[in-house]
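Note sheet for the following structure.
The values are calculated or read from the model by the stated rules, or taken from the named source; none is laboratory data. Computed from a predicted structure; not experimentally measured. Here the Cβ positions follow ideal geometry from the backbone for every residue, glycine too, while neighbour counts run over all protein chains shown.
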Amino acid sequence: MQEIERKFLVISEVFKKQAFKNFRIKQGFLNTDPERTVRLRITGKKAFLTIKGKSSKSGLTRFEWEKEIDTKEAETLFELCEPGIIEKTRYLVKSGNFVFEIDEFYGENEGLTVAEIELNNETDTFLKPEWLGEEVTGQIKYYNSQLSINPFVNW
């Protein structure tokens, strides 16, 4: 399965008033190699194991495989994760035919807010809300796997 997404910095908190849903996420990485990452995530009462491949040259597309797992098993697997657990609140905001996922980070990544939009193909166009800032698609330092290794506080 291919994931096609664009990533942007967020320049204001106006999106919070536009969000139709928000929830906390805890995630860790069993492997942070840019060629293949293995992510563990707990969102509310659900847990997922996700494998992501290397990004395309444009940074827009990469392989993604995800499977729901038992939350108790996920909590146990967190003990095997590399250092740098990520905690954030995700906000969902509708924009035309798409939904932006906006992540407000905590801990060592506090102060960083990033918006992602998943597209059907690389040439899709979408409405750009006023709170959307600089595009950072393909910039590896903004990948959650890299934020766990080199958090925002160190930049």
(message) Name the residue that is surrounded by the most Cβ atoms within 10 Å (Cβ to Cβ), counting only residues in region 125-150 that are in contact with a Gly (Cβ under 7 Å, 6 or more places away or on another chain) and farther than 22 Å from Lys21 by Cα.
(response) Ser148
(request) Would you point out the residue of region 80-124, among those that are of a type in the set (D, E, K, R), in a loop (DSSP other than H, G, I, E, B) and at pLDDT 95 or above, that is farthest from Ala19 (Cα to Cα)? (result) Glu82
(request) Take region 55-79 and flag every residue that is loosely packed, with under 13 Cβ neighbours inside 10 Å and either in a loop (DSSP other than H, G, I, E, B) or touching a helix residue (DSSP H, G or I) at 6+ places or on another chain (Cβ under 9 Å) (or both). (result) Lys57, Ser58, Asp70
(request) Only residues that are over 26 Å from Lys57 (Cβ atoms) and within 16 Å of the chain's Cα centre (by Cα): list them for region 109-150, please. (result) Asn109, Glu110, Gly111, Thr113
(request) Would you mention how many residues in region 116-143 are under 14 Å from Ser55 (Cα atoms), in contact with a Lys or Arg (Cβ under 7 Å, 6 or more places away or on another chain) and of a type outside the set (A, V, I, L, M, F, W, C)? (result) 2
(request) Evaluate region 50-68: report whether one residue or more is at pLDDT 95 or above, closer than 26 Å to Phe15 by Cβ, touching a Lys or Arg at 6+ places or on another chain (Cβ under 8 Å) and among the hydroxyl-bearing types (Ser, Thr, Tyr). (result) yes
(request) Return the total of residues in region 1-26 being over 18 Å from Leu112 (Cβ atoms), surrounded by 15 or more Cβ atoms within 10 Å (Cβ to Cβ) and modelled with pLDDT under 95. (result) 2
(request) Kindly provide the set of residues from region 27-45 that are in contact with a Ser or Thr (Cβ under 9 Å, 6 or more places away or on another chain), modelled with pLDDT of 90 or more and either surrounded by 13 or more Cβ atoms within 10 Å (Cβ to Cβ) or hydroxyl-bearing (Ser, Thr, Tyr) (or both), ordered by number. (result) Gln27, Gly28, Phe29, Leu30, Asn31, Thr32, Thr37, Val38, Arg39, Leu40, Arg41, Ile42
